[in-house]
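Every number here is computed from the coordinates shown, using simple stated rules; none is lab data. Just so it is clear, the structure is predicted and the values come from calculations on it, not from any experiment. A quick note on method: Cβ atoms are made from the backbone with ideal geometry, for glycine too, and the neighbour counts reach across all protein chains shown.
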Amino acid sequence: MARTGRYNRFGVGLVSVALAALGWLLIASPGSAAGPALTIDILSATPKTVTASPVTGEFLSVKPGLPPESTDRLATGPTPMIGTNTNCSVGRACWHPRTPPYPNQAFYGAPGAVTGPWSHRGDYESGDYTVRGCWTYQGNHTCASAPIGPHSYLSLGGATVTGNSFRIY
């Protein structure tokens, strides 16, 4: 009888360890309510619109799809060196002006960062890249709380900011 009791305790111990491991996997999985799911979704190449606070840079929402004003059209890969100009063509990251007559600011090529300033900026999008923008809003310098993945659109909720830097990862 003592032998059966030892095996029962051993079996209960194994079940406890298995349940604990399963709970850890559920907490750490991308689909859980914990923080990692938001980061994984933002870094994916699935087209999405991310809304960030212009004051803190914190992400407020992530919605599937790109807005109609997006210039992203799923191109074929980056060019070999970093560049910036006003041509937001297919696949390039683009920081849009909030008001005319200011031009778009395009970013493309190898990983790296470029610095502005680019005045009267509004929303930006990532094109074929994983990117992160930094800006000044109401005298405060801030950056998006994390990079956004390819084919994503970051909305600043209608705020007009001055772009300070833009990084391609």
**Item:** Residue-wise HN-Hα coupling along region 126-134, computed from phi with Karplus coefficients 6.51, -1.76, 1.60 (Hz; x: Gly, Pro)
**Value:** 8, x, 8, 10, 9, 9, 8, x, 10
**Request:** Lys and Arg at +1, Asp and Glu at -1: add these up for the other residues within a Cβ distance under 9 Å of residue 98 and post the number.
**Result:** 0
**Fill in**
Expressed in nanometres to one decimal, the distance between label points 7 Å along Cα→Cβ at residue 160 and residue 63 is 2.4 nm
**Message:** Under 5 Å between amide hydrogens, which residues at least 5 positions from residue 48 or on another chain qualify, with H placed 1.01 Å from N in the peptide plane?
**Reply:** 65, 152, 153
**Asked** residue 45 to residue 99: FRET efficiency via 1/(1 + (r/R0)^6), r the Cβ-Cβ distance, R0 35 Å, to the nearest 0.05?
**Response** 0.70
